[in-house]
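Below is one structure, written out as structure tokens, with a few remarks after it.
The values are calculated or read from the model by the stated rules, or taken from the named source; none is laboratory data. Note that the coordinates shown come from a computational prediction; the quantities given were computed from them, not determined experimentally. Here the Cβ positions follow ideal geometry from the backbone for every residue, glycine too, while neighbour counts run over all protein chains shown. We work out accessible area using only protein heavy atoms, side chains counted, and drop any ligands, DNA or RNA first. Shrake-Rupley method; radii C 1.70, N 1.55, O 1.52, S 1.80 Å.
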Amino acid sequence: MHCPFCRHPDTRVIDSRSTDDGANIRRRRTCPECERRFTTQETVLLMVSKRSGVTEPFSRSKIIAGVRRACQGRPVTEDSLAMLGQRVEEEIRGRGLAEVPSHEIGLAILGPLRELDEVAYLHFASVYRGFESLADFESEIAMLRAERATADQRE
């Protein structure tokens with residue numbers, strides 16, 4: 001790690017701490033040349049492989065933006081979207097893979113979104129799964145109703 005002040009090529013780690021969510025490590029460093037201190041933050045990169053074959057870094061903000069479009073006009077708060085984004089990221093990172101297909105991310109979004117708002121879920125699922133007819137919507141709604149009936153019977 002180069003010193004950001006004098007560009008010396010070697011620095012020493014004084015202290016390392018995990019962030020609250022455990023996804024990052026914050027390191028306190030010192031430069032042996034200029035003796036100044038600075039903090040760095042390290043994050044494990046998670047790559048997403050797109051259908052086109054291109055890979056790009058995982059972005060929680062892209063998940064939130066996509067879900068926000070599906071929730072347009074629905075009573076869903078920004079906090080709920082942020083929590084959904086965090087939940088999806090934790091699930092994806094929990095798989096322990098360095099590269100995840102974008103399809104897997106879409107599947108990871110569907111469950112939490114269904115719990116958040118069923119109408120937004122239908123909107124997202126219709127685009128994500130490429131619904132082409134009313135029959136596609138009807139079968140998805142029938143599945144949602146069956147799941148709700150099963151949950152009601154358990155209570």
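Is it the case that some residue within region 103-126 is under 28 Å from THR43 (Cα atoms) and among the aromatic types (Phe, Trp, Tyr)? No, that holds for no residue. Identify the residue in region 81-105 that is at pLDDT below 90 and among the basic types (Lys, Arg) and, among all such residues, is farthest from the chain's Cα centre (by Cα). Looking at the filtered set, the residue picked out is ARG95. Here the condition is being assigned to a helix (DSSP H, G or I), out of contact with any Asp or Glu (no Cβ under 6 Å at 6 or more places or on another chain), touching a residue at least 12 places away in the same chain (Cβ under 8 Å) and charged (D, E, K, R); of GLU115, GLU147, GLU140, it holds for GLU140 alone.
So that you can scan it fast, the table gives a plain yes or no per residue for (1) more than 20 Å from ARG95 (Cβ to Cβ); (2) open to solvent by less than 90 Å² (accessible area, probe 1.4 Å):
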| residue | (1), (2) |
| --- | --- |
| ASP15 | yes, yes |
| GLU35 | yes, no |
| THR39 | yes, yes |
| VAL44 | no, no |
| GLY53 | yes, yes |
| GLU78 | yes, no |
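Conditions tested, residue by residue: (1) surrounded by fewer than 18 Cβ atoms within 10 Å (Cβ to Cβ); (2) in contact with a Phe, Trp or Tyr (Cβ under 8 Å, 6 or more places away or on another chain).
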residue: GLY85; (1), (2): no, no
residue: VAL88; (1), (2): no, no
residue: ILE92; (1), (2): no, yes
residue: GLU99; (1), (2): yes, no
residue: ALA108; (1), (2): no, no
residue: ARG114; (1), (2): yes, yes
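Across region 119-136, the qualifying residues are those that are open to solvent by 70 Å² or more (accessible area, probe 1.4 Å) and assigned to a helix (DSSP H, G or I), and the one among them that is farthest from ASP79 (Cα to Cα) is LEU134.
For every residue, the table says whether it meets (1) in a helix (DSSP H, G or I); (2) under 25 Å from LEU144 (Cα atoms).
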{"residue": "ARG51", "(1), (2)": "no, no"}
{"residue": "ARG74", "(1), (2)": "no, yes"}
{"residue": "GLN86", "(1), (2)": "yes, yes"}
{"residue": "HIS103", "(1), (2)": "yes, yes"}
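For the condition in contact (Cβ under 8 Å) with a residue 12 or more places away in the chain, of a type in the set (Val, Ile, Thr) and out of contact with any Cys (no Cβ under 8 Å at 6 or more places or on another chain), THR30 qualifies. Candidates in region 1-30 are the residues that are among the hydrophobic types (A, V, I, L, M, F, W, C) and touching a Pro at 6+ places or on another chain (Cβ under 9 Å); of these, the one that is farthest from GLN86 (Cα to Cα) is CYS3. Applying the condition of being aliphatic (A, V, I, L, M) and touching a residue at least 24 places away in the same chain (Cβ under 8 Å) to region 59-76 and asking which residue is surrounded by the most Cβ atoms within 10 Å (Cβ to Cβ) yields VAL67.
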